[in-house]
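FYI, it's all coordinate maths here, none of it is from the lab. What you see is a predicted model; the values in this text were computed from it and never measured. Cβ placement follows ideal geometry from the backbone for every residue including glycine, while neighbour counts extend to all protein chains displayed.
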Amino acid sequence: MDDDRRAAFDALVAARSPALLRTAYLLTGDYHRAQDLVQTALSRAYVRWGRLRSVDAGEAYVQRVIVTTAASSWRRKWHGEVPTEVLPDRTSPVADLDLRAGMRLALQRLPAAHRAVLVLRFYEDLSEAQTAELLGCSIGTVKSRTSRALAALRAAGLERMVEERT
């Protein structure tokens, strides 16, 4: 890789890593898995960087790798150990969750496909067409998943927080 392309890749990593990590965290719900996901995406992008035509194409490629890698982990039958916030020997659940914690929990309860649509549409501010392309589905599927996911959040009383992000 020549120096100009290397500098462009380094600039992408420096400028977009926090946003990519945020997206990965919202998709996985786990900070360490999100870091691994971003690292995987960036390493794959680095290998292909010479073939990508622009920094924007490179960023789109990294986002797509994040989403597809996360989606492939959702398809696995066994996801490993899942840590819990409430230990089994506790007698009562924690009563005071702030709105953000409630949103995180509500997002984790959504099906993975619905969570991905909300994260890409409302947190990454992608259009329906961009979201559909990134997820490899139709715009109609994005619309229906968004509607169902917002209905689930509405039932949990948390839709307001997602809509405030737009």
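Observations on the structure shown:
- Anisotropy class of segment 99-164 from Cα gyration tensor, a/c 1.5 cut: prolate
- FRET efficiency estimate (nearest 0.05) - Cβ-Cβ, L105 to Q39, R0 30 angstrom: 0.70
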